[in-house]
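Bear in mind that the values in this text are calculations on the coordinates, not laboratory data. Fair warning: this is a prediction, and the values are worked out from it, not measured in the lab. Counting neighbours? That spans all protein chains shown, and the Cβs are built from the backbone with ideal geometry, glycine included.
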Amino acid sequence: MAIVDLLARRSFGEIDIAGIVATAGNASVEDCVASALSWLELGERTDREQERRGTDRIPVFAGASGPIEVEHAFTPETHGEHGRGYAPLVRAARPASSIGGARAWSEVSRRFEGELHAVVIGPLSTLAAALELDEGIADRLASLTIMGGSFCGHPGNTTSVAEWNSHFDPEAAQRVCERFAGRAVVPRWCGQNVTDFAVFTPADITEVLSATRGAPVTRALAAALRFYFEFHDSVGEGYGAKVHDPIAAALALEPAAGRWRPARIDVSTADPLTRGQSIAEFRPERWFGGVYGSGPRNADVLVDIPGMPGAGGIDEIIAHWKARHIRWVCG
C-alpha cells in the first residue's frame, strides 16, 4: 500500500521518487525486488492510461538478503510465499539496477544531499550496511522515517515486547540507532504503538474497487490485502489489515500530522526474552553521563496522531489514501 500511494503522489507531482531499495524481510530479497518492479509496472500502466508521467525511471535496488548476524526466518504466513499475498506477479519490462542497495543509499544521498526524505518500512539491514560503508549518509538526509519498534509499553506483534521489523534484525536496528546519536537530523520512528490502530477493512477495499471499476492496480492490491486479512483473522485480530507502512509513508511527507517526542532509543540484541525490543528514554536528563546515562538523543518517537484511536487522525490518513488512489486511477 505504501508504494502504491507514493506512486500516486508522484503522478500528481507532489513528490519525486529517487529509488526503491528492496530488503529481505517477510520474503526473500529476490521476491521483494520482483514485487517492487511489479508494482512499478502496474503504476506505469495506470499513468499511461491517464497520460501522466510514468514510473519507468524509478530504479529498484536489491538490498540485504537477510539479517546482519543471525539466520533469517521468512514469514510466508503473513504476506504469502512471495510477499504479495494473492496478487499475481506482473512481469516488469526492465530489470533491477546493477547497483547494490547499500551503495545506492550512499550514491543517492550524495546526489540529493539535503533534499532526500528517506522512508524505511522494513528491516534496517540494508541501511545499517550502508552506514558502515558511508557514515556520512546520516548527515546528508533531509529526513529519515522508520516504521519499526513499539514504544510506551505497547506490546509487540512478534514477541510480547518486540515489533517484527526490529525483531527480524535487531543488530541492524541498534547499529542505526547508534549511528544517528547526536546528529542534527535524527530518525522519526513510527512504532506499532500508533500504527496498530490503522486498520484497513474489507469495506474499504470494496469501496476502492467499486470506485475504480476494478482497475488492475486496485485488483492486485485487493488480492494482496485479502491474504493479509486472512492472516489477521487466523491470529485472532479480526478480518482486517493493520496497515503500518502507509502510515509511516504519510507521516514522512506530513510529519506535523503526528505528535513526536525526542528520545534516546536502543534495541535489545542479547537477552532472548527481550530480543528486538525497542527501548525509549524520553527524559533528557538521562541522555548524558552518570551511571544511568543512556547516550545522546537519536530519535523522535511517534506517540500519537491527534484523534487516534477511532475517528480522527488515522482514519483521516486512510480516507485520504483511498481518495488519492481513486483519483489516480480514474483521473
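Most simply put, the chain has about 50% antiparallel DSSP beta bridges, counting only bridges with both residues inside it. Between the amide H of A299 and those of A263, I265, distances stay under 5 Å, these residues lying 5 or more places away or on another chain, with hydrogens modeled in the peptide plane.
Both radii were evaluated on the Cα set of the stretch 180-239; the Rg over Rh quotient, with Rh as the Kirkwood radius, amounts to 1.19.
What is the ratio of the Cα radius of gyration of the stretch 1-120 to 2.2 N^0.38 Å, where N is its residue count, to two decimals?
1.09
The tail of the calculated P(r) for the stretch 178-331 beyond 27 Å holds 38 percent of all Cα-Cα pairs. Would you mind telling me which residue in A270, A24, A250 has the biggest mean-square fluctuation in a Gaussian network model of the chain, where springs connect alpha carbons within a distance under 10 angstrom? Per the Cα network of the chain with a 10 Å cutoff, A270 tops the list.
Counting only alpha carbon atoms, the long axis of helix 244-253 and the longest principal axis of the chain meet at about 80°. Close amide-amide hydrogen proximity is noted between Q277 and S268, each under 5 Å apart and 5 or more residues distant or on a separate chain (H modeled in the peptide plane; Pro and chain starts excluded).
For the stretch 50-131, the dipole from Cβ point charges (+1 on Lys and Arg, -1 on Asp and Glu) about the Cα centre works out to 440 debye, to the nearest 20. Under a Cβ-Cβ cut-off of 12 Å, what is the net charge of the residues other than G240 that fall near it, where Lys and Arg count +1 and Asp and Glu count -1? So the surrounding residues net to -3.
Stretched out fully, how many nm does the piece from R219 to E285 gain, at 0.36 nm a residue minus the Cα gap?
The R219-E285 span can extend by a further 18.6 nm.
For A87, the residues whose amide H sits under 5 Å from its own are A224, ignoring neighbours fewer than 5 places away on the same chain, with H placed 1.01 Å from N.
When you filter the GluC sites (Glu not before Pro) in the stretch 95-129 for DSSP loop state and at most 14 other Cβ atoms inside 10 Å of their Cβ, you are left with E113, E115.
Note on the stretch 206-272: the alpha carbon radius of gyration divided by the globular reference 2.2 N^0.38 Å gives 1.59. Charge tally around G83: other residues with Cβ under 14 Å, Lys/Arg +1 each, Asp/Glu -1 each, net -4. Charge tally for G153 (other residues, Cβ to Cβ under 15 Å; Lys, Arg +1; Asp, Glu -1): -3. Directionally averaged projected area (the chain, Cα convex hull): 15.9 nm². Computed from backbone phi, the HN-Hα couplings of the stretch 127-140 come to 5, 4, 5, 5, 5, 5, 6, 8, 5, x, 3, 4, 8, 9 Hz, rounded to whole numbers (Karplus: 6.51 cos²θ - 1.76 cosθ + 1.60, θ = phi - 60°; Gly and Pro given as x).
Rounding to the nearest 20 debye, state how big the charge dipole of the chain is about its Cα centre with +1 on each Lys and Arg Cβ and -1 on each Asp and Glu Cβ.
Its charge dipole is roughly 760 debye.
Here is the size of the stretch 91-219 from its Cα atoms: Rg then Dmax, 17.8, 50 Å. Each residue of the stretch 172-178 was assigned a 3J(HN,Hα) from its phi angle through the Karplus expression (A = 6.51, B = -1.76, C = 1.60, θ = phi - 60°), giving 5, 4, 5, 5, 5, 4, 5 Hz with x at Gly and Pro. Among the GluC sites (Glu not before Pro) found in the stretch 227-304, those both in a DSSP coil and sparsely packed, with 15 or fewer other Cβ atoms within 10 Å of their Cβ, are E237.
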